[in-house]
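One structure is given here, and the rest of the page talks about it.
Bear in mind that the values in this text are calculations on the coordinates, not laboratory data. Worth saying up front: this structure is predicted, and the values here are computed from it rather than measured. All Cβ positions, even for glycine, are placed from backbone atoms using ideal geometry, and neighbour counts span all protein chains on display.
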Amino acid sequence: MSGHPSTYEPKTAFTRWLDSRLPIVRLGYDSFVDYPTPRNLNYWWTFGAILSLCLGVQIATGVVLAMHYTANAGLAFNSVEHIMRDVQYGWLIRYIHANGASMFFIAVYIHMFRGLYYGSYKAPREILWILGCVIYLLMMATAFMGYVLPWGQMSFHGAVVITNLFGALPIVGQAITTWLWGGFAVDNPTLNRFFSLHYLLPFMIAGVVILHIWALHVAGQNNPTGVEPKSKADTVPFTPYATIKDGFAVSVFLILFAIFVFYMPNALGHADNYIPADPLVTPAHIVPEWYFLPFYAILRAVPDKLMGVLAMFGAIACLFALPWLDTSKVRSMRYRPTAKLYFLIFVVACCILGLCGAKLPDDPVIPGLKTFTLIDSDLNSFVWLSRIAALYYFGFFLVILPILGLVEKTLPVPDSIAKPALSHPAHAPAEATASPETKG
Amino acid sequence: MLRKFSIIAAVAGLLVATAAPALAAGHPEEPKKVDWSFNGPFGKFDQAQLQRGYKVYREVCSACHAASLLSFRNLGDKNGPFYDAKYPNSNNNPYVKAIAAEYQVSSIDEETGDTVQRPATSADRFPSPFPNEYAARASNGGALPPDLSVLAKAREGGPDYIYSLLTGYHEAPAGLTIDPTKHYNPYFPGDLSSAWSGDPKHVPHGGVIGMPPPLADDRVTYDDGTKATLDQEAKDVSAFLMWAAEPKMIERKEMGFSVLIYLLLMSGLLYASYRTVWRNESH
Ligand code: HEM
């Protein structure tokens, strides 16, 4: 898995014996101790470690929750309350798990934007990037099904809305929804299968994470310059250099995590999910968890249901196709000033989509202002804002990145990681004295 | 670059923050902000207030509302209304036992198999006022009084909302036609435009609720001599309901403080180690 010649030498009789039978210590040593790491990695590269921690935390807390949780439509809500009230530290475990899902998504989004900015998806890292996208898809499925488990009003009606999306598919739609539900409505069989899958998928994620790291260690890590390491001077051994930096970043991340768990555990959730599910009462606004809001906005931006569903899945498909959509030879956007600008707008567009997903489509963006109705809604409405942002989202992947790579002017790229200052006039004087944190 | 990303992160944070109010249903009045004793990172429940709140709950609200997730023993749990350090096992708390014994609950006679009534014990759940939803609706003009166990977490605004709702009843504005069995409340979510005959641009905030105003001055007599004004009763019962919904809140905040101190120290140490490890490496 390490992708570089092994330097491990077993020191004791036991490790020599083990090494000739199962070289697992060698694997660990080559992958996480001696592994050569580009010396210029900044803090955006610590999110891999943070994500591994998140997965570990979700699995550990999830297994304990599953010991006390009851997957039955009549009992689920109260079993979660039983965890909150009667299980020793149950409130802690549940709040870590519920907020842990949000922390996981914060980390994965930063991790993905990092990859986008520094061109980490370009050859030879296409498979690495695609495996990351697979993890992201599995995470979304896991989190969606997890949110259904407490069987509150948002759990139930969120499940209804999302599973109904498949009903928009022609011919097979109805059959697929019935199959997903295990009946003719979201009900006890749905809850049971969601629980089973919610337990299964995290372990599938763990499997894909192993492939992801394998691919990473074959291609080697990218770095802020996007220039491949050429000599030993460009790298440092993973331990202690990367481990200690990752350790520090993880610790800072845990502070944020703890603030949510201990002081605002329900801030990222929705009050309606503390109302037991009632199929006959639909909440005034059905909103998904914050991490789905951008896709929810794309879904609602399209007036036709089927087209909306296709647009939503298309938004994710763009990520998979990205390695072949970006035509630029220069990897890092540090040396692509124009691309950098479009990237920043892209980040803003994603945030705007998230905002639109939380709002009622017909509500005005600027309160009190009436303009004119276009197609189905006033121009000053969140649905139109989401249309503009969604257009940019797709435009970025399908138009800007393919064309920009062919026409843009890029800055000179350094010859090697160790000597970026010499060949990169734009950074030279400041870089030499800059503290490590502000670099990148 | 880090700085630029931080700006983006801040903008994103702001966008999300402004998104929050839109999650509230309809356009009711914003709840009044109350300076609760349990607000803030070091806030604690005021035990005397919880006791008064329990009294209001028992003597007024429990006539219509269940709180079926609570057991009598919870009243004696740490940070609860009747916690007494002498009785770490709240089942033995004599005060709690006495409260429980005031109730009759049905049970099965193990000799005859008949349903019989027996006094409740501290392990029993709070009894519900109605045998089922139909009975609850029938007695309340078709409206269903919700279970109050987690209600303070099930509404945007939590205890502020409950307090505002309880103190917010007033005469329906002229021009609003409402069902005589219902009551106008500006804090209750709803859509009044169809009942409004005035200027369609100024539909009153709020909605009509099936709960008659449950509180008034001197609705209860407090044992600790506190004057039982409507405002006081509403505050006390809202605090009690917050405790009922989140009984571990104080334990949580206390643990959070130690965890944060620990993490800050650990981050400091890790940062120092990081600087030491990297001191001879340019990067
Ligand atoms: C990728 C990792 C995971 C993610 C993103 C995730 C996400 C979630 C979410 C969002 C909830 C709803 C929380 C709430 O509002 O109450 C949830 C609940 C739950 N999860 Fe997970 N989960 C993960 C892994 C696991 C694992 C590995 C297990 C079990 C082995 C598990 C067991 C449970 C149980 C029993 C619940 C219901 C209890 C509750 O609602 O708090 N989860 N999960």
Exercise. Out of all the residues in the range A:275-296, is one or more under 22 Å from A:TYR117 (Cβ atoms), free of Cβ contacts under 8 Å to residues at least 40 places away in the same chain and aliphatic (A, V, I, L, M)?
Worked result: no
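Looking at A:SER196, is it within 14 Å of chain B (Cβ to nearest Cβ), under 19 Å from A:LEU65 (Cβ atoms) and within 12 Å of the ligand (Cβ to nearest atom)? Don't jump to the end; show me each part of the working.
Details: within 14 Å of chain B (Cβ to nearest Cβ): no; under 19 Å from A:LEU65 (Cβ atoms): yes; within 12 Å of the ligand (Cβ to nearest atom): yes.
No: the conditions fail for A:SER196.
Condition test on A:SER416, is it under 23 Å from A:ILE127 (Cα atoms), not acidic (Asp, Glu) and not in a helix (DSSP H, G or I)? Give the derivation first.
Numbers: under 23 Å from A:ILE127 (Cα atoms): no; not acidic (Asp, Glu): yes; not in a helix (DSSP H, G or I): yes.
The answer is no for A:SER416.
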For this session: Sort out which residues of the range A:65-84 are more than 11 Å from the ligand (Cβ to nearest atom), away from chain B (no Cβ under 14 Å) and surrounded by fewer than 17 Cβ atoms within 10 Å (Cβ to Cβ), and write them in order of number.
Result: A:ASN72
Exercise. If you go through the range A:145-153 one residue at a time, do you hit one that is among the aliphatic types (A, V, I, L, M) and away from the ligand (no atom under 15 Å from the Cβ)?
Worked result: no
Exercise. Pick from the range A:105-136 the residues that are away from the ligand (no atom under 16 Å from the Cβ) and aromatic (Phe, Trp, Tyr): which of them is farthest from A:PRO224 (Cα to Cα)?
Worked result: A:TRP129
Problem set entry | Evaluation of A:LEU293 against (1) buried (at least 20 other Cβ atoms within 10 Å of the Cβ); (2) more than 10 Å from every other protein chain (Cβ to nearest Cβ); (3) part of a helix (DSSP H, G or I) (one fails), failing number | (2)
For this session: Mind listing whichever residues of the range A:251-274 are among the β-branched types (Val, Ile, Thr) and farther than 10 Å from B:LEU263 by Cα?
Result: A:ILE259, A:VAL261
Exercise. Quick one: B:GLN49 ticks every box in (1) over 15 Å from B:ASP236 (Cα atoms); (2) buried (at least 17 other Cβ atoms within 10 Å of the Cβ) bar one, so which box is it?
Worked result: (1)
Exercise. In the range A:365-391, which residues are in contact with a helix residue (DSSP H, G or I) (Cβ under 8 Å, 6 or more places away or on another chain) and surrounded by 19 or more Cβ atoms within 10 Å (Cβ to Cβ)?
Worked result: A:PHE382, A:VAL383, A:LEU385, A:SER386, A:ARG387, A:ALA389, A:ALA390
Exercise. Given (1) of a type in the set (A, V, I, L, M); (2) crowded, with 18+ Cβ neighbours inside 10 Å; (3) without any contact (Cβ under 8 Å) to a residue 24 or more places away in the chain, where does A:MET333 come up short, assuming only one miss?
Worked result: (3)
Exercise. Filtering the range B:212-270 down to residues that are under 20 Å from B:ARG155 (Cβ atoms) and not in a helix (DSSP H, G or I), which residue is nearest to the other protein chains (Cβ to nearest Cβ)?
Worked result: B:LYS248
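Of the residues B:SER238, B:SER194, only one is over 19 Å from B:GLU171 (Cβ atoms) and touching a Pro at 6+ places or on another chain (Cβ under 6 Å); which? Can you show your working first?
Working: B:SER194 fails: touching a Pro at 6+ places or on another chain (Cβ under 6 Å).
Exactly one residue qualifies, and that residue is B:SER238.
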